[in-house]
Amino acid sequence: MSTNTPSKLEKILTAGHLAVTSECGPPRGSDPEVITEKANLIKDHVDAINVTDNQTSMTRLCSLAACIRLKLMGVEPVLQMVTRDRNRIALQSDILGAASFDIHNILCLSGDHQSFGDCAQGQNVHDIDSMQLIQTVRHMRDDGKFLGGDDIKRPPQMFVGAAANPFADPYEIRVPRLAKKIAAGVEFIQTQCIYNLDKFEDWMKKVCDRGLNEKVYILAGLTPMKSAGMARYMKNRVPGMDVPDDIVKRMADTPKEKQAQEGIDICVEAIQRLKEVKGVSGFHIMAIEWEEKVPEIVERAGLHPRPSVN
Amino acid sequence: MIVADKKPIEEIIETIKDHQSILVLGCNECVTVCEAGGKKEVGILASALRMHFLQQGREVNIAERTLERQCDHEYLEEIRDIIDDYDAVVSIACGVGVQFMAEKYQSKPIYPGVNTLFMGVTEARGVWTERCQGCGQCILASTGGICPVSRCAKRIFNGPCGGSASGKCEVDKELECGWQLIIDRLKALGRMDDYENISPLKDWSTDRAGGPRKVVREDVEL
């Protein structure tokens with residue numbers, strides 16, 4: 001397959017390598033060192049780093065500025081962009097701003113509802129949805145035009161991604177929903193955190209049965225758990241998360257001081273198993289405020305060193 | 001109907017406390033059905049206000065009246081000859097009625113007695129829920145008759161989002177996921193293939209975003 005953009009992530013996937021991405025959450029303040037320190041911990045073990053966009057609706061330093069920081073230090077960013085906070089003018093404008101710094105990856109999301117965050121009394125925008133944001137970026141890139149129809153001078157060159165959650169309800173539309181995102185123009189997918197491997201494999205089988213794995217690169221999402229408490233929290237409190245009882249039990253049965261290591265082991269074992277699953281093109285490791293563990297996970301999973309592409 | 005809910009009496013008292021003669025004005029339409037601003041509620045509010053001012057040792061005249069509608073000239077005109085008997089009006093019609101009153105009686109203070117919430121239905125006795133936000137460009141034909149604008153907390157046109165769990169919305173475990181309802185309907189109609197049609201970007205110019213809206217019908221104009 002040939003590439004459509006200068007994205008390093010796209011080149012790695014197109015070359016047939018298993019890609020590895022991770023993420024950095026920007027700080028709740030303006031200290032740029034927080035971003036560069038996190039990036040330095042993981043940059044030699046991943047192909048690209050996502051920067052989250054006011055995740056869980058907590059106000060943070062903006063994703064675009066943090067992506068520019070990464071870009072300036074020679075790291076490949078994936079700009080996460082939610083439709084919750086921006087109308088179509090702001091979305092297109094930020095896409096151009098990112099493109100002006102040659103940011104070549106974007107992840108199109110709707111975003112958590114604002115009621116989860118620190119501005120629960122604020123409006124949400126949702127002028128367009130994540131599906132339509134995929135269409136918008138593709139339109140700007142491929143047609144070189146604004147939504148309003150005018151030509152864009154130097155259009156963005158972005159590899160277009162989106163999320164998929166195989167564990168949300170209703171399950172029966174989870175594969176059709178992916179097909180819909182592909183029809184909208186998505187090129188790579190980063191999934192919700194996977195703990196229920198059986199259910200994920202069932203979803204992937206159905207994805208492959210429809211031939212969708214030929215049309216999109218799917219990066220399996222993983223989040224190592226630090227403690228039994230975190231496992232219970234993820235199971236009971238986080239919307240759209242499926243943590244099987246045996247995972248919670250395995251964490252709970254482990255002595256407290258060894259639970260973090262057990263969480264890493266579970267994550268590495270999951271990658272080992274998912275590497276063999278048809279349709280999995282790579283891994284998206286979301287070590288939330290635990291970035292220093294990413295190198296160990298990547299190395300133990302046999303995904304290091306990372307390939308170099310031109 | 002337009003669904004409203006009673007304002008706390010303390011808030012109403014705070015707005016009218018400097019007046020001596022007050023008309024509590026109800027409406028026989030939507031707010032009567034949702035039991036927030038009809039004749040019955042006029043009586044209850046007027047009694048509560050009288051009791052409050054009595055306890056304060058103040059003589060305040062509180063009168064009661066309920067109009068057929070507060071969103072039509074002809075009914076609002078019915079109080080033209082008595083409006084000057086009062087130095088303020090508490091309207092417990094919806095926000096539409098309050099504003100039409102204010103426009104008609106320029107020099108009379110008009111205070112709202114309810115919070116106007118949404119266009120909705122009586123789902124059960126004492127339970128009203130939202131169905132329409134008046135976006136001005138109805139798409140119910142393609143969504144199985146369930147509206148993603150009013151039933152989805154993110155008004156997503158190509159849902160559901162990743163926060164839908166067991167048919168409920170991520171915002172509130174009691175709240176039905178609008179997209180689950182759409183999918184259930186499409187299934188019942190044998191139209192699940194329609195699910196994969198991508199809804200295009202919405203034209204919001206007919207919505208609130210386009211500015212205050214107006215309908216002019218030449219065929220019914222006088």
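Is it true that residue B:164 is more than 30 Å from residue A:56 (Cβ to Cβ) and within 14 Å of chain A (Cβ to nearest Cβ)? No. Scanning region A:85-119 for residues that are more than 21 Å from residue A:66 (Cβ to Cβ) and either more than 11 Å from chain B (Cβ to nearest Cβ) or without any contact (Cβ under 8 Å) to a residue 40 or more places away in the chain (or both) yields a single hit, A:89. For region B:170-197, a residue qualifies if it is within 17 Å of residue A:238 (Cβ to Cβ) and within 8 Å of another protein chain (Cβ to nearest Cβ), and the qualifying residues are B:170, B:171, B:177. When region A:142-167 is filtered for residues that are within 14 Å of chain B (Cβ to nearest Cβ), outside any strand (DSSP E or B) and closer than 23 Å to residue A:19 by Cβ, the ones remaining, listed by number, are A:165, A:166, A:167.
Among the residues of region A:201-233, which ones are within 14 Å of another protein chain (Cβ to nearest Cβ) and either open to solvent by less than 20 Å² (accessible area, probe 1.4 Å) or in contact with a Gly (Cβ under 7 Å, 6 or more places away or on another chain) (or both)? Within region A:201-233, A:203, A:212, A:221 qualify. Scanning region A:168-192 for residues that are in a loop (DSSP other than H, G, I, E, B) and either surrounded by 22 or more Cβ atoms within 10 Å (Cβ to Cβ) or among the charged types (D, E, K, R) (or both) gives A:168, A:169, A:186, A:187. For the subset of region B:1-24 comprising residues that are acidic (Asp, Glu) and assigned to a helix (DSSP H, G or I), which member is least open to solvent (accessible area, probe 1.4 Å)? Only one residue fits best here, namely B:11. When the test is whether a residue is assigned to a strand (DSSP E or B) and surrounded by fewer than 16 Cβ atoms within 10 Å (Cβ to Cβ), residue B:63 passes it.
The values are calculated or read from the model by the stated rules, or taken from the named source; none is laboratory data. Since the model is a prediction, treat every value here as computed from it, not as a measurement. We place every Cβ from the backbone using ideal geometry, glycine too, and count neighbours over all the protein chains shown. For the accessible areas, the whole protein counts, side chains as well, though only heavy atoms, and no ligand, DNA or RNA atoms are used. Shrake-Rupley method; radii C 1.70, N 1.55, O 1.52, S 1.80 Å.
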